[in-house]
Amino acid sequence: MFGSDLSYVQGADAEGLKYITVGRLLDATAAAYGDREALVVRHQDVRLTYAELKTRVDACAAGLLALGLEPGDRIGIWSPNRVEWVLTQFASAKAGLVLVNINPAYRLAELEYALNKVECKALVTASRFKTSDYLEMLRTLAPELATARPGVLCAERLPHLRRVIVMGDDAGPGMLAFDALAALGSPAELARLAELAAILQPDDAINVQFTSGTTGMPKGATLTHFNVVNNGYFVGRAMRFGPEDRLCIPVPLYHCFGMVMSVLTCVSHGACMVFPAEAFEPGAVLEAVAAERCTALHGVPTMFIAVLDHPDFASDALGTLRTGIMAGAPCPIEVMKRVISELNMAEVTIAYGMTETSPVSFQSSTDDPIERRVSTIGRIHPHVEVKIIDAEGRTVPRGVKGELCTRGYSVMLGYWNDAERTREAIDAAGWMHTGDLAIIDAEGYCNIVGRVKDMIIRGGENVYPREIEEFLYRHPDIQDVAVFGVPDRRFGEQVAAWVKLKPGATASADDIKTFCQGQIAHYKIPFHIRFVDGFPMTVTGKIQKFVMRETMVEELDIEITRTA
Ligand code: AMP
């Protein structure tokens, strides 16, 4: 047939796309499955049915309107996995606000950048998480909070931020407690919500997710209701999800794996969301799956490895599991096999995608042959197109390696307020250039075989070397630095830095790590640091990071595993 010898695939599908908003999706599910359990947050002792979830979401949305927030305003959320995250996700959507996900591991430099880049007017924040004292960091950036009346903050370094809403019932000076939000909305705001439901459009921007940039600071991928509602729905369909399913969600909500592939997937199929802990803990996952009789489990490969290797792991206690998704980084074949046999996830799927494409564009299906399910990322998602191109931009024949490009309903609107980066990523014909290298075979199964982009994936977190290099250039002793990834048994990859010090400078590896602490997220801080006099270069003066990587692999004696 026409062009079938080329690496171009499309997800023709009898079931149409759903042209609805996130708010309408929740209302429809609450109407259909009101008394079924929607959400279990074990570490907060919260259980809500879909009817209760909708009531709480509506109250929060009315509260946000009562604060004077208007459709189109940006509202940041900075928190690990908590019930308030899910409430804010739906409440902001119903109020027509643009939810801005801020990585819970972000520190001062990154937080300031993110809030200012998208001009957040309000921020919903946890008070602390692990070693991060969020309120302390906010007070450092906005000391004006101490004397500001709530709602009229005017901070020099955060000039757009007016409101800080703190999760819980205890807010510090200048802040509002999240628990007080629901009581703020009057019948007038509830009536306004009903009006908004008719006005808000599926194509409106609803969410900004920061992804690290190849050139410097993070970029705000801007997604619509239509993007995320449909991607969430079809991700669930590939797992044969239904209202009987109970999904254990150890992946973070700030990332598309949590908020789209978990939350929206469950809500669009009437399934139950089970959060085992604030952040990934293998022991809590095991407990949650057993106690809540979960039928599905999501994770990046390193999470599945940690669960399988946990001392409390007992296959028998996990008999309810059926399906789930491994994604976010190359999925090792051996780990997939163990997930099927030891975690009892006979219908586990692999998904591939990126934040900018809602995220999923390939996913294996539960009835694909087993060999394909452990060794490929499956076939094209419904209604999505993918082509593989060579360096000249021409589509390559099947079986030939090239860059994967995605087009369709799932592609983001663009990077927030950054037309240039958007043009670099999405071409005139609407193709999102992913920077991933892939091969599509004659039957349409795809393999990710590398990356053109200079990116490290450490335990499922993307790290862009350029961002770290730019940060390290601020160190007074550093003359030049090159950051790259090296394979790592535990995290898949680890961050390595080769550093050239200024003449006479004596900074140690510990000094450099201390310099990063508190300023950039812990997972970006170089783990391996080597001091060198120069870098391997090509004749044209281009740094050869692959040579440094090979040197480190040899030096650290790392063995490289086979992946899907
Ligand atoms: P993010 O935008 O954080 O979701 O990261 C997207 C990137 O993660 C992709 O561009 C890939 O490089 C990588 N990725 C996601 N899923 C997979 C997978 N199943 N196999 C290999 N790499 C993946």
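The values are calculated or read from the model by the stated rules, or taken from the named source; none is laboratory data. The model shown is predicted, which means the values in this text are computed figures rather than measured ones. Here the Cβ is made from the backbone with ideal geometry for all residues, glycine too, and neighbour counts use every protein chain on show. Surface accessibility is based on the protein's heavy atoms, side chains included, excluding ligands, DNA and RNA. Shrake-Rupley method; radii C 1.70, N 1.55, O 1.52, S 1.80 Å.
Things to note:
- Per-region count, region 471-492, residues open to solvent by 20 Å² or more (accessible area, probe 1.4 Å) and either touching a Cys at 6+ places or on another chain (Cβ under 8 Å) or more than 11 Å from the ligand (Cβ to nearest atom) (or both): 10
- Filter result (open to solvent by 80 Å² or more (accessible area, probe 1.4 Å), under 29 Å from Gly328 (Cα atoms) and not in a loop (DSSP other than H, G, I, E, B)) within region 515-543: His522
- Residue within region 116-136 that is touching a residue at least 40 places away in the same chain (Cβ under 8 Å), in contact with a Cys (Cβ under 7 Å, 6 or more places away or on another chain) and buried (at least 19 other Cβ atoms within 10 Å of the Cβ) present: no
- Lone qualifier among Met217, Met175 - being of a type in the set (A, V, I, L, M), crowded, with 21+ Cβ neighbours inside 10 Å and farther than 17 Å from Phe90 by Cα: Met175
- Only one entry in Arg42, Arg74, Arg82 is of a type outside the set (S, T, N, Q), touching an Asp or Glu at 6+ places or on another chain (Cβ under 7 Å), farther than 27 Å from Glu195 by Cβ and open to solvent by 10 Å² or more (accessible area, probe 1.4 Å), namely Arg82.
- Condition check for Val83: touching a strand residue (DSSP E or B) at 6+ places or on another chain (Cβ under 6 Å) and either not hydroxyl-bearing (Ser, Thr, Tyr) or not assigned by TED's automatic domain parsing to the domain that holds Ile206 (or both): yes
- Condition check for Arg421: of a type in the set (Lys, Arg), under 30 Å from Gly72 (Cβ atoms) and at pLDDT 95 or above: no
- Count - residues of region 310-349 that are part of a loop (DSSP other than H, G, I, E, B) and within 12 Å of the ligand (Cβ to nearest atom): 5
- Listed by position, the strands (runs of 3 or more DSSP E) contained in region 12-114 that have at least 3 residues being under 30 Å from Glu467 (Cβ atoms) are 74-78, 98-102.
- Test result for Gly328, open to solvent by 10 Å² or more (accessible area, probe 1.4 Å) and within 20 Å of Ala284 (Cα to Cα): no
- Scanning region 376-413 for residues that are closer than 13 Å to Asn447 by Cβ and buried (at least 20 other Cβ atoms within 10 Å of the Cβ) returns Thr376, Ile377, Gly378, Arg379, Val386, Ile388, Gly402, Leu404.
- Considering residues of region 155-172 that are among the aliphatic types (A, V, I, L, M) and not in a loop (DSSP other than H, G, I, E, B) only, the residue surrounded by the most Cβ atoms within 10 Å (Cβ to Cβ): Val164
- Residue in region 180-229 that is farthest from Val260 (Cα to Cα), counting only those that are charged (D, E, K, R) and under 26 Å from the mean Cα position of the chain (by Cα): Lys219
- The set of residues from region 303-338 being aromatic (Phe, Trp, Tyr) and closer than 30 Å to Ile439 by Cβ comprises just one member, Phe304.
- Output for region 457-479, where each listed residue is out of contact with any Leu (no Cβ under 9 Å at 6 or more places or on another chain), part of a strand (DSSP E or B) and more than 30 Å from Arg398 (Cβ to Cβ): Arg458, Glu461, Val463
Listed here are the residues, each with its yes/no results for (1) outside the structural domain of Gly460 (by TED's automatic domain parsing); (2) within 16 Å of the ligand (Cβ to nearest atom); (3) at pLDDT 95 or above.
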position	(1), (2), (3)
Ala509	no, no, yes
His522	no, no, no
Phe531	no, no, yes
Gly534	no, no, no
Thr538	no, no, no
Lys542	no, no, no
Lys545	no, no, no
Glu550	no, no, no
Thr563	yes, yes, no
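- Unique residue being of a type in the set (Ser, Thr, Tyr) and open to solvent by 10 Å² or more (accessible area, probe 1.4 Å) when the list is Thr88, Thr140: Thr140
- Only one entry in Ile468, Ile512 is open to solvent by less than 10 Å² (accessible area, probe 1.4 Å), under 25 Å from Gly328 (Cβ atoms) and touching a residue at least 40 places away in the same chain (Cβ under 8 Å), namely Ile468.
- Residue in region 281-293 that is small (Gly, Ala, Ser), in contact with a His (Cβ under 9 Å, 6 or more places away or on another chain) and touching a residue at least 24 places away in the same chain (Cβ under 8 Å) present: yes
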